[in-house]
Amino acid sequence: MAAGFLLDMGVSPKVAAVLAKRGLTAVHIQDIGLSTASDKAILEEARRRDMVVITTDKDLAGHVAVDRATSPSVVTLRLDKPAAEGQIAALEGLLDVLPPGGLDACLITLEPGRYRRRPLVPDGA
C-alpha cells in the first residue's frame, strides 16, 4: 500500500487536512515547491515518495498508461462541483467503498456517483 497521497494543483489543500483526520498522509505539491512542475516531475516525485497522486488533470493518468508504468497510482477527479467540498465528499465516498489494497497499482477515475478502476498491472502478468 502507498505511503500516502500527493495532491496536484487542481486539488484543494483542504483535502490534505481531511485525509489526515483519517490517519492518512497527504502532501500538496505547492507545499514542496512543485507548483509549476511538469507532469513527469510530479509522477516521479510520487514514485519517490511511494504516494498515490490525486489530480484533476486527465493527462497525469495518461502518462502512466502510455509509459506502461506500474506506479504511481493516480486518482483523477472529474466532478461537477470541483470546489473543495465536492472533492472532499467524492474522495471520502471512494475511500469508504474501496477494498483493502484498492489504491494499489491502478488508475481511478472518480466521477459523480461512480468510479472506474483500471489496474496498472494486467491480469495474469
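Applying a threshold of 7 Å to beta carbon distances and a minimum spacing of six or more residues, or different chains, the list of pairs starting in region 6-24 at a residue that is part of a loop (DSSP other than H, G, I, E, B) and ending at one that is among the aromatic types (Phe, Trp, Tyr) reads 24/5.
State whether the residues of region 14-34 include one that is under 20 Å from residue 121 (Cβ atoms) and exposed (fewer than 14 other Cβ atoms within 10 Å of the Cβ). No, the conditions are met nowhere in region 14-34. Residue count for region 31-48, restricted to those that are in contact with a helix residue (DSSP H, G or I) (Cβ under 9 Å, 6 or more places away or on another chain) and of a type in the set (D, E, K, R): 4. Picking from residues in region 25-57 that are part of a loop (DSSP other than H, G, I, E, B) and touching a residue at least 40 places away in the same chain (Cβ under 8 Å), the one that is farthest from residue 117 (Cα to Cα) is 50. Just to be sure, is residue 55 at pLDDT below 95, closer than 18 Å to residue 120 by Cβ and either among the polar types (S, T, N, Q) or surrounded by 17 or more Cβ atoms within 10 Å (Cβ to Cβ) (or both)? So residue 55 fails the test.
Okay, residues lined up against (1) among the hydrophobic types (A, V, I, L, M, F, W, C); (2) modelled with pLDDT of 95 or more:
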position	(1), (2)
12	no, yes
28	no, yes
39	no, yes
68	no, no
88	yes, yes
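The values are calculated or read from the model by the stated rules, or taken from the named source; none is laboratory data. This structure is a prediction, so every number in the text was calculated from the model and none was measured. Reconstructed Cβ throughout: ideal geometry from the backbone, glycine too, with neighbour counts over all protein chains shown.
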